Amino acid sequence: MHILINGFNGNMGQAIQAQCKQFDFMALDFQAKAINLNDISAVIDFSSPAGFIECVNYCLEHNLPLISGTTGFSEEHLSLISIAKKSIPILIASNMSLGIANLKRSMEEYLLSISISSKCRIIEIHHTKKKDSPSGTALEISRFLENLFESKIDGPIEIQSHRIGNIFGMHRIEFENANGTSTFQHIANSRNIFAKGALEASRWINSREAGEYSFADFLNKKL
């Protein structure tokens with residue numbers, strides 16, 4: 001299976017390349033010339049907001065499935081996704097690790113089990129080279145909680161962002177109420193978990209119909 005990587009020489013691009021042999025994939029640079037598109041099964045994008053726009057337009061032109069872990073989207077990007085999903089399968093995920101999916105599931109079980117509302121705080125820590133703040137994962141978790149458990153959240157969700165050293169990613173969610181404070185946390189020890197998730201999802205999305213998918217959609221089919 002051949003895939004194109006947008007962001008080939010970036011940290012995530014290199015992590016994906018390192019995992020390709022395990023998945024029997026061949027990775028090619030999205031920016032390379034003279035690519036035989038008949039061999040390409042999907043495009044994986046870990047680039048920038050501007051690079052994402054270029055990538056979506058390319059996938060639309062050549063009818064290629066797209067997986068993107070790029071963050072920092074504006075209304076322009078969201079509008080483009082709405083257009084693209086009518087023609088190609090496109091999976092957008094700020095975090096492609098099973099750990100974050102399990103974190104959400106654990107929080108869901110907890111919030112369903114309590115009868116009182118809680119103040120919620122999300123603390124995220126990443127390496128100093130990460131450009132967007134808050135992280136896409138922190139924003140995704142916040143939306144997840146607000147959409148499903150608004151009645152269990154007391155006031156707006158607070159997000160604290162820190163950029164320290166070479167930390168790959170840490171997300172801690174605290175729920176504080178009259179009974180005490182409950183904490184849920186996920187720490188990424190390497191980029192490999194995100195690379196493996198992207199490669200597994202690229203194999204899955206290759207057979208999907210046009211539409212917008214989340215990483216949860218992929219996991220629900222897989223598990």
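Things to note:
- Any hit, segment 149-169, residues being farther than 18 Å from Phe46 by Cα and touching a residue at least 60 places away in the same chain (Cβ under 8 Å): no
- A single entry from Glu124, Glu140 fulfils the requirement of being within 27 Å of Gln19 (Cα to Cα), modelled with pLDDT of 95 or more, within 18 Å of the chain's Cα centre (by Cα) and of a type in the set (Asp, Glu): Glu124.
- Leading residue by the ranking (farthest from the chain's Cα centre (by Cα)) among those in segment 156-195 that are among the small types (Gly, Ala, Ser) and more than 17 Å from Ser113 (Cα to Cα): Gly165
- Only one of the numbered conditions (1) surrounded by fewer than 21 Cβ atoms within 10 Å (Cβ to Cβ); (2) within 30 Å of Ser207 (Cα to Cα); (3) assigned by TED's automatic domain parsing to the domain that holds Asn179 is violated by His77, and that is (3).
- In this structure, Ile100 qualifies as of a type in the set (Val, Ile, Thr) and either buried (at least 21 other Cβ atoms within 10 Å of the Cβ) or closer than 17 Å to Phe184 by Cα (or both).
- Residue ID - farthest from Ala138 (Cα to Cα), chosen from residues in segment 186-223 that are in a loop (DSSP other than H, G, I, E, B) and hydroxyl-bearing (Ser, Thr, Tyr): Ser207
- Residue within segment 108-130 that is among the polar types (S, T, N, Q), in the same structural domain as Arg163 (by TED's automatic domain parsing), touching a strand residue (DSSP E or B) at 6+ places or on another chain (Cβ under 8 Å) and surrounded by 13 or more Cβ atoms within 10 Å (Cβ to Cβ) present: yes
- Unmet criterion (only one of (1) closer than 29 Å to Asn189 by Cβ; (2) without any contact (Cβ under 8 Å) to a residue 60 or more places away in the chain; (3) surrounded by fewer than 18 Cβ atoms within 10 Å (Cβ to Cβ)) for Ser94: (3)
- The set of residues in segment 52-74 being polar (S, T, N, Q) and surrounded by 20 or more Cβ atoms within 10 Å (Cβ to Cβ) consists of Ser68, Thr70, Thr71.
- Matching residues, segment 165-192, being crowded, with 21+ Cβ neighbours inside 10 Å, of a type in the set (A, V, I, L, M, F, W, C) and within 25 Å of Ser214 (Cα to Cα): Ile173
- Taken as a whole, the condition of being out of contact with any Leu (no Cβ under 9 Å at 6 or more places or on another chain), in contact (Cβ under 8 Å) with a residue 40 or more places away in the chain and among the hydrophobic types (A, V, I, L, M, F, W, C) does not apply to Phe184.
- Pairing residues of segment 200-220 that are in the same structural domain as Val43 (by TED's automatic domain parsing) with residues that are in a loop (DSSP other than H, G, I, E, B) and loosely packed, with under 14 Cβ neighbours inside 10 Å, at Cβ distances under 8 Å and at least 6 apart in sequence or on separate chains, gives Ala210/Lys86; Ala210/Ser87.
The values are calculated or read from the model by the stated rules, or taken from the named source; none is laboratory data. Since the model is a prediction, treat every value here as computed from it, not as a measurement. Methodologically, a virtual Cβ is constructed for each residue, glycine included, from the backbone with ideal geometry; neighbour enumeration extends over all protein chains shown.
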